[in-house]
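J.: Before I ask anything, let me first share the structure, which is written out below as C-alpha cells.
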Amino acid sequence: MHEYDITLKGVLRRLTGSVLREITGFKVSGWHNAELPEVRNLRADMLGETSGGSLIHIELQSANQSGMALRMLEYATAIQRQFGRFPHQVVLYVGGAPLRMSGKIAGPRLEFSCRMVDIRELDGEALIASNRVEDNVIAVLTKLRDERGAVKRILLGIAAGDPAKRATALTELMYLAGLRKLEPAI
C-alpha cells in the first residue's frame with residue numbers, strides 16, 4: 001500500500017493538464033509539504049453520553065478566543081475517531097466580557113458550527129430558588145438582579161445543606177464568585 005501511495009503522489013504532482021483540473025476543479029501551480037507533524041493531547045473539558053447514546057461535549061471558556069470554532073472542530077473529529085460518533089457540542093462561556101466568539105467556521109466544502117452559550121443567559125433566580133446547592137452555587141455566574149441578595153440566599157442555602165458538603169460548596173462558591181468579582185460580597 002505504501003508504494004502505491006508514493007507512486008500515485010509522484011504522478012499526480014507532475015500532472016499539469018486537464019486530468020488534474022478534472023480531479024480538483026483547479027489548476028495547481030505548486031505543491032506544499034503535506035507533513036503536518038503535531039504532538040499534543042486534546043482533552044475535552046466534559047464529555048457525557050445521554051441514555052439514547054448521543055455524546056455531549058461541553059467546553060468551558062472564560063475568555064473570548066478567536067479560533068474557538070476551529071478548536072471545537074478539532075475536538076469533534078478527535079471524539080468521532082475515538083468513539084465513532086460526532087458529539088453535540090456546546091461552548092459554555094463564563095467570562096466577564098461580553099461573548100464575542102463565533103461558533104461557526106466555513107471553508108470550501110466545509111461548514112461547521114457549535115452552540116455558544118453565555119451562562120449569563122440562564123435564569124439565576126430559578127437556580128437560587130432550587131433546593132440543590134449545586135444549582136445555587138452556579139447561580140453566581142448568571143445574570144442576577146440583586147447580586148448581594150443572591151449571594152446571601154446562596155450562603156443560606158449552603159448553611160442549610162448537608163454539613164459534610166458545606167466546605168466544598170463554600171470553596172466552589174468562592175472560586176466561581178471570583179469570575180464575577182463577588183468575593184467581597186461573600
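J.: How big is the charge dipole of the chain about its Cα centre, in debye rounded to the nearest 20, if each Lys and Arg gets +1 on its Cβ and each Asp and Glu gets -1 on its Cβ?
T.: It comes to approximately 440 debye.
J.: Right, next: Taking R0 as 30 Å, what's the FRET efficiency between residue 35 and residue 115 from their Cβ-Cβ distance, rounded to 0.05?
T.: Values: r = 34 Å, r/R0 = 1.14.
Efficiency at R0 = 30 Å is approximately 0.30.
J.: With Cα Rg over 2.2 N^0.38 Å as the read-out, I listed (i) 1.52; (ii) 0.95; (iii) 1.11; which label goes with the value calculated from this structure?
T.: Of the listed options (i) 1.52; (ii) 0.95; (iii) 1.11, (i) comes from this structure.
J.: How many angstrom lie between the C-alpha centres of the stretch 103-165 and the stretch 36-99?
T.: Cα centres, the stretch 103-165 to the stretch 36-99: 19 Å.
J.: Test of understanding: what is the full-extension gain from residue 13 to residue 65, defined as 0.36 nm times their sequence separation minus their Cα-Cα distance?
T.: So the chain would gain 15.0 nm between residue 13 and residue 65.
J.: Next question. Fully extended, how many nm does the chain gain between residue 146 and residue 175 (0.36 nm per residue separation, minus their Cα-Cα distance)? Write out the running numbers ahead of the final one.
T.: On the way: separation 29, 0.36 × 29 = 10.44 nm, distance 1.95 nm.
Contour length minus the Cα-Cα distance gives 8.5 nm.
J.: Between 161, 107, 96, find the one with the highest GNM mean-square fluctuation for the chain; connect C-alpha pairs within less than 10 Å.
T.: 107
J.: Follow-up. Starting with the fewest neighbours, write out 66, 51, 113 ranked by other beta-carbon atoms found within 10 Å of each beta-carbon.
T.: Exposure proxy ranking, most exposed first: 51, 66, 113.
J.: Rank 47, 70, 110 by mean-square fluctuation in a GNM of the chain with C-alpha springs under 10 angstrom and give only the top-ranked residue.
T.: 110
J.: Now, a different point. Need the list of lysines near residue 9 for cross-linking: C-alpha distance under 22 angstrom, and skip anything on the same chain fewer than eight residues off.
T.: 27
J.: How big is the convex hull of the Cα atoms of the stretch 46-120, per residue, in Å³?
T.: Once divided by residue count, the hull of the stretch 46-120 is 91 Å³.
J.: Report the gain in length on full extension from residue 28 to residue 162: 0.36 nm times residue separation, minus Cα-Cα distance, nm rounded to one decimal.
T.: Taking 0.36 nm per residue and subtracting the Cα distance, the gain is 41.5 nm.
Bear in mind these aren't lab numbers, they're just calculated from the coordinates by the rules spelled out. Everything numeric in this text was worked out from a predicted model, so none of it was measured. Methodologically, a virtual Cβ is constructed for each residue, glycine included, from the backbone with ideal geometry; neighbour enumeration extends over all protein chains shown.
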